Amino acid sequence: MNFSTRFAPSPTGPLHLGHAFSALLAYQAACDAAGQFHLRIDDLDQSRARPEWEAQIYDDLAWLGLEWPTPVMRQSSRSQAYQDSLNILWDLGVIYPCSCSRSDIRAAASAPQEGAPLLGPDGVIYPGTCRPATPLTGPMPDAVLRLDMARALAHLSGPLNFEETGASPEGLSGLIQPTNMITHVGDVVLARRDMGASYHLSVVVDDAAQQISHVIRGQDLFSATQIHVLLQRLLNLPTPVYHHHRLIRDDAGKRLAKRDDARAISTYREAGKTPQDIRQMIGL
Ligand code: GLU
């Protein structure tokens with residue numbers, strides 16, 4: 001297998017130590033395997049993406065010593081590929097339009113069945129208000145589109161699984177076999193009117209387009225991986241090997257966020273730190 005991995009930051013703020021850790025791990029893995037390291041700009045959310053943050057990403061990663069092939073794939077130029085995949089899912093009858101607002105969903109989900117968790121990888125689990133009794137036919141509407149989880153799972157032949165070479169937040173690794181996706185994940189959003197595609201769809205379509213064999217990313221995305229693997233199966237795309245790594249936390253044990261400017265790579269650079277200092281700070 002040709003080893004190919006990627007780092008896919010969103011240009012919505014400065015890269016911090018957590019990003020440096022993820023990017024350096026992926027880059028090192030590609031070097032060790034004599035494979036490829038790709039940079040991909042996850043600028044799907046055009047209301048938050050800024051060219052200056054994108055420029056800073058290139059600058060910070062180059063300063064850390066990383067190299068990547070150009071031109072870099074940018075999600076904002078991939079609408080057609082996302083649309084094509086949505087059309088496949090529409091024809092399979094596993095997506096449907098949803099007109100619920102966030103407050104509609106919160107109200108309808110506030111009386112969950114006993115024992116059912118309220119929160120999935122995307123927050124409140126959709127209560128199914130707009131889910132049609134039978135798959136819709138005709139042209140795909142320009143609307144928010146949700147995955148009909150039960151129908152999608154019923155469509156699969158054979159069990160759903162993926163190989164985890166890192167660990168879930170609970171320490172699971174090896175062959176992961178997702179279960180209870182109807183109750184614990186539910187009907188996630190795959191298309192938004194303002195963005196075209198949701199994160200789940202775009203990441204799956206782009207990883208396949210770039211022939212990514214190994215996805216290396218933070219443990220915060222472990223619970224989303226089952227959705228990605230399901231979409232790969234529905235779209236007939238290969239499933240990469242996944243490696244979810246530990247998260248870099250602040251002194252209080254909280255995961256670093258984009259607004260943590262104090263831990264931005266650029267702040268350390270301005271303070272005279274070297275790439276080697278950064279590696280030391282994150283235990284590499
Ligand atoms: N763009 C995502 C993020 O910044 C990463 C997506 C991924 O690695 O799958 O969190």
query: Yes or no: K258 among the basic types (K, R) and at pLDDT 95 or above?
result: no
message: Of all residues being among the small types (G, A, S) and in a helix (DSSP H, G or I) in segment 225-281, which is surrounded by the fewest Cβ atoms within 10 Å (Cβ to Cβ)? Just the residue, please.
response: A262
- prompt: For D194, all conditions in the list (1) of a type in the set (D, E); (2) buried (at least 22 other Cβ atoms within 10 Å of the Cβ); (3) assigned to a loop (DSSP other than H, G, I, E, B) hold save one; what is the number of the exception?
  reply: (2)
message: Would you confirm, using the coordinates I've provided, whether A33 is within 24 Å of R249 (Cα to Cα) and either within 12 Å of the ligand (Cβ to nearest atom) or out of contact with any Gly (no Cβ under 9 Å at 6 or more places or on another chain) (or both)?
response: no
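Let's see how each residue does on (1) under 23 Å from the mean Cα position of the chain (by Cα); (2) within 19 Å of A23 (Cβ to Cβ):
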{"position": "H214", "(1), (2)": "yes, yes"}
{"position": "V229", "(1), (2)": "yes, no"}
{"position": "P240", "(1), (2)": "yes, yes"}
{"position": "H244", "(1), (2)": "yes, yes"}
{"position": "A252", "(1), (2)": "no, no"}
{"position": "K273", "(1), (2)": "no, yes"}
{"position": "Q276", "(1), (2)": "no, yes"}
{"position": "M281", "(1), (2)": "no, yes"}
message: Quick check on Y27: is it touching an Asp or Glu at 6+ places or on another chain (Cβ under 9 Å) and either assigned to a strand (DSSP E or B) or within 16 Å of the ligand (Cβ to nearest atom) (or both)?
response: yes
task: Give segment 80-121 a look and list any residue that's modelled with pLDDT of 95 or more and in contact with a Gly (Cβ under 6 Å, 6 or more places away or on another chain), or say none.
output: Y82
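The values are calculated or read from the model by the stated rules, or taken from the named source; none is laboratory data. The structure presented is a predicted model; accordingly, all values stated were derived computationally and were not measured. A quick note on method: Cβ atoms are made from the backbone with ideal geometry, for glycine too, and the neighbour counts reach across all protein chains shown.
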